[in-house]
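Report on one structure; see the data block that follows.
The values are calculated or read from the model by the stated rules, or taken from the named source; none is laboratory data. All of these numbers come straight from a predicted model, not from anything done at the bench. Note that we place each Cβ from the backbone using ideal geometry, even for glycine, and neighbour counts take in every protein chain shown.
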Amino acid sequence: MARLEEPTNLEETVVRINRCTTVTKGGKSMSFSALVVVGDRKGSVGIGFGKAREVPSAVSKAVKEAKKQMVKIPIKGDTIPHIALGRFKAASVFLKPASPGTGIKAGASARAVLESVGIKNILTKCYGKRNPLNVAKATLVGLRALRTKKEIEELRGVKIE
């Protein structure tokens, strides 16, 4: 999958904000981390993770990172072309196309990624660990594994009926 030029109408979704405290000899030092998903709802999506002393700084760093990581995902109508499994570290996400009217059946992290891509009907199941960052990345890995019928024909050098 090739990197994309910056689309104009991007939507940002903050998936998770974590507070982290480090104890030093001077006392407790607080910092924040933010997990953000950016997409145009037309097949482009990116995930970013930023850390800073304040929440707005962490979110802006995460958005900048997500825009750098944007990738194009093949969509068939308002769902995905075929079943896919995405794995990242100990998190696995199973993605299955669904018929119109089903909606997005997914947890918070996977839902944010799928909505940002523009998918409206899909079934998902999360296996293994449920860490929001790893689930979001596993969902993206599964989406990047998708291929259209035309791409498969070119890869194999045969015509698929």
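Candidates are the residues of segment 20-41 that are out of contact with any strand residue (DSSP E or B) (no Cβ under 9 Å at 6 or more places or on another chain) and in a loop (DSSP other than H, G, I, E, B); the one that is surrounded by the most Cβ atoms within 10 Å (Cβ to Cβ) is Gly26.
Going through (1) buried (at least 16 other Cβ atoms within 10 Å of the Cβ); (2) not assigned by TED's automatic domain parsing to the domain that holds Gly43 one by one, Lys125 falls short only on (1). The set of residues from segment 52-85 being part of a strand (DSSP E or B) and touching a residue at least 24 places away in the same chain (Cβ under 8 Å) comprises Val71, Lys72, Lys76, Thr79, Ala84, Leu85. Looking only at segment 34-51, count every residue that is without any contact (Cβ under 8 Å) to a residue 60 or more places away in the chain and either under 20 Å from Leu95 (Cα atoms) or touching a Leu at 6+ places or on another chain (Cβ under 9 Å) (or both) and tell me the total. Final tally of qualifying residues: 3.
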